[in-house]
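K.L.:
Submitted below is the structure of interest, expressed as structure tokens.
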Amino acid sequence: MVEEKVICIVEDKTELRDAMFMMLQLTEGFIPGGSYNSTEEAIPAICEIVPDAVLMDINLPGRSGIACVAALKNRFPQMLFLMCTAYEDNDKIFNSLKAGASGYILKSDGPAKIMDALNEMLRGGSPMSGAIARKVVSSFNQLEIENELVQTLTDREKETLNLLAMGLMNKEVADKLNISAATVRTHIQHIYEKLQVNTRVEAVNMYLKR
């Protein structure tokens, strides 16, 4: 006998929410636990039900689905979350995963694939749409390249960049390192060249992501 898993849905589009609910009813092994159109509605209800997994939209009225995942994951670490969204945005993907989501699938993949992804997640996998998986791999490859560039900096250049990341101006960096402002400008120019960037913000962002 298949062990039945309780699944909740958080989705603000009524038609899609109803379609997902029906798919859960028709799929062996799933029991729909409840469906909600906002984070504010979902959190108290899900805390009562404590389902095995949640199908979660990102763009919700009020607090986002990412905030909903973070709040629930903090209370129920064992609860699984499958982001089901229209967004392929890198920040949303990684923020969802950091919040505690175990999978990320596009609504355009259709209800059947969403159910397959849910099954895969409950078996211990981390399902992702093909387009999302490619973005994740591409982002990690880019991050590796950026890390390699950061490693080409000298210790003094890293010290300079660290102080810039703290918000210090050139004169303040010079005072901290006991060097001239002209030397700081030279270090910054070398940093730009090595990191292949054109602005202080780009350099700091790359340094902080290392």
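Each value in this text was obtained by applying a stated rule to the coordinates, not by laboratory testing. Computed from a prediction, not measured in an experiment: that's the story for all the values here. Cβ atoms come from the backbone with ideal geometry, glycine included; neighbour counts cover every protein chain shown.
K.L.:
When Lys and Arg each count +1 and Asp and Glu each count -1, what net charge do the other residues less than 12 Å away from Leu163, Cβ to Cβ, add up to?
P.N.:
Net charge around Leu163: +1.
K.L.:
Shifting gears a bit: Take the alpha-carbon centre of the range 39-110, take the same for the range 142-210, and report the distance between them in whole Å.
P.N.:
37
K.L.:
Quick one: divide the alpha-carbon radius of gyration of the range 156-210 by 2.2 N^0.38 Å and tell me what you get.
P.N.:
1.00
K.L.:
Something else: In Å and on Cα atoms, what radius of gyration and Dmax does the range 42-96 show?
P.N.:
Both quantities, over Cα of the range 42-96: 10.9, 32 Å.
K.L.:
Please list, or write none, the lysines whose alpha carbon is within less than 17 Å of the alpha carbon of Lys194, excluding same-chain residues fewer than 8 places away.
P.N.:
By straight Cα distance, Lys194 reaches Lys158, Lys209.
K.L.:
For the range 5-137, restrict the atom set to alpha-carbon positions and state the Rg and Dmax in Å.
P.N.:
So, for the range 5-137, Rg and Dmax equal 13.0, 37 Å respectively.
K.L.:
About its Cα centre, what dipole magnitude does the range 1-118 give when the only charges are +1 on Lys and Arg Cβ and -1 on Asp and Glu Cβ, stated in debye to the nearest 20?
P.N.:
320
K.L.:
Would you work out the charge dipole size for the chain about its Cα centre, treating the Cβ of every Lys and Arg as +1 and the Cβ of every Asp and Glu as -1, and quote it to the nearest 20 debye?
P.N.:
The calculation lands at about 720 debye.
K.L.:
Here is a follow-up. Given 5 Å bins starting at zero, what is the percent of C-alpha pairs of the range 1-74 in each, up to the one with the largest pair distance?
P.N.:
Final binned percentages: 3, 18, 30, 24, 16, 7, 2, 0, 0.
K.L.:
Here is a follow-up. Less than 28 Å apart at the alpha-carbon level, and either on another chain or at least 8 residues along: which lysines does that give for Lys13?
P.N.:
Excluding near neighbours in sequence, the set is Lys5, Lys73, Lys92, Lys98, Lys107, Lys113, Lys135.
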